[in-house]
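K.L.:
Mind having a look at this structure? Questions to follow.
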Amino acid sequence: MLKVVKFGGSSLADSSQFAKVKEIVKYDKAREVVVVSAPGKRQSDDNKITDLLYLIHAHIKYGVSFDTVLSMITDRFTEIQKECGLKTDIASVISDTFSKVDRNTSVDFIVSRGECFSAMLMAEYLGYEFVDAADWLCFDYDGKVNAEASEAKLRELKGIYGRIVTPGFYGTFPSGEVHVFPRGGSDITGALAAAYLGADVYENWTDVSGILMVDPRIVRNPKTIARVTYDELRELSYMGASVLHEDTVFPVRRADIPVNIRNTNDPDDPGTIIREHFDDELAEENERFITGIAGKRNFSIINIYKSRIGEAKIGLLRQVLEVFDRYGIPVEQIPSGVDSFSVVFPSENIKTRKHDLMHELEALEDIDSCELTEGISLIAIVGRQMAYRSGISGKIFRALGDNKVNIRTIEQGADEINIMIGVYNEDFDRAVRVLYESFAR
Ligand code: ASP
């Protein structure tokens, strides 16, 4: 059994977080490969090391001394080193590194140092080998990861050292120059390492106990989703749930390695497991039907009406969509009636062009009337358990009806993993709460 475990910035923010990480890693012998971020915020008004490093680069660019910022960074790392009782002279490593930095040093090199220093300290703390990401994660010059070369190097290093700590976020071009992923990219490094080493699971340790069923700003203390498929995850994140982006874990998805989101501050919580599909279903999931609820505010609906439209409907739909296409407005839904259809889209796309758009639509020959409604929220009720089961939409409509929430639009894809409803913005929070209450218990 091999587990690749990645710890995010909040899990490494100070020595007490380092201690939690050590306990977690030592608890399970299978946790042989550890990927770390740079230390993040200790409290909400604190700084992330990576942000401070970007600031250093800005100082260099404008020719301003970066000593103050560097000493903030040095203090953070030295404190961790001392409080964890480590020998690595991190202050000297940092000052050596930055004594060589000048205007020609790339921003990627500078901002990647947070992960590098963090991994050096963690390696000593765990008694694992420090393996620099520069020694295995290879980028081609187009910025894409060279999977073949990276896999071969990582396998070799893992074979030599057995238990390793490696920094997330960066790798190198063939020239040896450092290149970083986008912000938050240590998640990608962890996923790549898990895929290359054929891990049994990729554990992503953060500061929440997995993915929540609903936005905690709307529902207090919502339940965690125990198991979610990538398709469900995509629906939820598209609709605004802040979850791990599926792109970042693509390497493990392709290799069919389960991702387990865990909480460093609550290691007994099993967190959330993400997989392509689950062969069995838990009784609890079976009863609940739905996996999660997510939603977004501020959509508009344009309702297009033409009496006795009949077969001309397709042609009219095409003309209307051409107008939307010309305006570059992404269409979210097209609910349809006998003599009418509606187009639902994000309101921000027509802020200044509302009247132009309506004029153009009204000018289309075949239209009797055309009406704009703003202030609509879309809510997605997502769940693989909904497919081929009766009674779910009934339950949704009853719950909302009983609570006097007026449903403006309804849509369900044929894969039946998502039912999307539109309500007025002012009913949004209440509708989400009502749905959660009726399904989550
Ligand atoms: N430290 C980097 C950032 O703050 C990368 C990461 O944490 O994943 O974006």
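The values are calculated or read from the model by the stated rules, or taken from the named source; none is laboratory data. Please read these numbers as outputs of a predicted model, since none were measured by experiment. Note that each Cβ is placed from the backbone with ideal geometry, even for glycine, and that neighbours are counted across all protein chains shown. Only protein heavy atoms, including side chains, enter the accessible area calculation; ligands, DNA and RNA are left aside. Shrake-Rupley method; radii C 1.70, N 1.55, O 1.52, S 1.80 Å.
K.L.:
So, with a 1.4 angstrom probe, what is the percent of accessible area on the chain that is carbon and sulfur?
P.N.:
Details: 9850 of 20610 Å².
With neighbouring chains kept in place, the figure for the chain is 48 percent.
K.L.:
I'd like the GluC sites (Glu not before Pro) in segment 360-441 restricted to DSSP loop residues with at most 11 other Cβ atoms within 10 Å, sorted by number.
P.N.:
On the way: sites: GLU360, GLU362, GLU365, GLU371, GLU374, GLU411, GLU416, GLU426, GLU437; in loops: GLU365, GLU416.
For GluC sites (Glu not before Pro) across segment 360-441 that sit outside H, G, I, E and B with at most 11 neighbouring Cβ atoms in 10 Å, the list reads GLU365.
K.L.:
Need one number: the % of Cα-Cα pairs in the chain sitting beyond the 39 Å mark. Please list the in-between numbers first.
P.N.:
Numbers: 34395 of 97020 pairs.
For the chain, the fraction of Cα-Cα distances above 39 Å is 35 percent.
K.L.:
Once the Cβ-Cβ distance between VAL107 and ASP415 is put in as r, and R0 is 45 Å, what FRET efficiency do you end up with, to the nearest 0.05?
P.N.:
Numbers: r = 43 Å, r/R0 = 0.95.
FRET efficiency, VAL107 to ASP415: 0.60.
K.L.:
While we're on this one: Taking 0.36 nm per residue of separation and subtracting the Cα-Cα distance, what length does fully extending TYR54 through ASP268 add? Walk me through the numbers on the way to the answer.
P.N.:
Details: separation 214, 0.36 × 214 = 77.04 nm, distance 3.54 nm.
In short, 73.5 nm is gained.
K.L.:
Using only alpha carbon pairs under 8 Å that are at least six residues apart, calculate the relative contact order of the chain and give it in whole percent. Don't jump to the answer; show the numbers that get you there.
P.N.:
Values: 835 pairs, mean separation 57.1, N = 441.
Reported relative contact order: 13 percent.
K.L.:
Then there is this: Only sites in a loop by DSSP and with at most 11 other Cβ atoms within 10 Å count here; which trypsin sites (Lys or Arg not before Pro) in segment 201-277 make the cut?
P.N.:
Details: sites: ARG217, ARG220, LYS223, ARG227, ARG234, ARG253, ARG254, ARG262, ARG275; in loops: ARG217, ARG220, LYS223.
Of the trypsin sites (Lys or Arg not before Pro), the ones in loops of segment 201-277 whose Cβ has at most 11 other Cβ atoms within 10 Å are ARG217, ARG220.
K.L.:
Another question, if that's okay. Which lysines, on any chain, are close to LYS82 with Cα under 24 Å apart, when same-chain ones fewer than 8 places away are left out?
P.N.:
LYS6, LYS20, LYS22, LYS26, LYS41, LYS48
K.L.:
Oh, and also: Using a 7 Å offset from the Cα along the Cα-to-Cβ direction at both ARG318 and SER92, what is the distance between the two label points in nm, to one decimal?
P.N.:
Reported label-point gap for ARG318 and SER92 is 7.6 nm.
K.L.:
While we're looking at this one, here's another question. Counting only chymotrypsin sites (Phe, Trp or Tyr not before Pro) that are in a DSSP loop and have at most 15 other C-beta atoms within 10 Å, tell me the longest site-free stretch of the chain. The partial results should precede the final answer.
P.N.:
Values: sites that count: TYR62, TYR141, PHE278, TYR327, TYR388.
Longest stretch, sites excluded: 142-277.
K.L.:
I'd like the distance separating the alpha-carbon centroids of segment 357-432 and segment 150-166, in whole Å.
P.N.:
Using only Cα atoms, the two centres lie 51 Å from each other.
K.L.:
How large is the accessible surface of MET420 in square angstrom, using a 1.4 angstrom probe and rounding to the nearest 10?
P.N.:
20
K.L.:
Whole number in Å², please: accessible area per residue of the chain, 1.4 Å probe, ligands, DNA and RNA not counted. Each step should come with its number before you reach the end.
P.N.:
On the way: 20610 Å² over 441 residues.
Per-residue value: 47 Å².
K.L.:
For segment 1-67, which trypsin sites (Lys or Arg not before Pro) are in a loop by DSSP, counting at most 12 other Cβ atoms within 10 Å? Walk me through the intermediate numbers first.
P.N.:
Working: sites: LYS3, LYS6, LYS20, LYS22, LYS26, LYS29, ARG31, LYS41, ARG42, LYS48, LYS61; in loops: LYS29, LYS41, ARG42, LYS48.
Counting only loop positions with at most 12 other Cβ atoms within 10 Å, the trypsin sites (Lys or Arg not before Pro) in segment 1-67 are LYS29.
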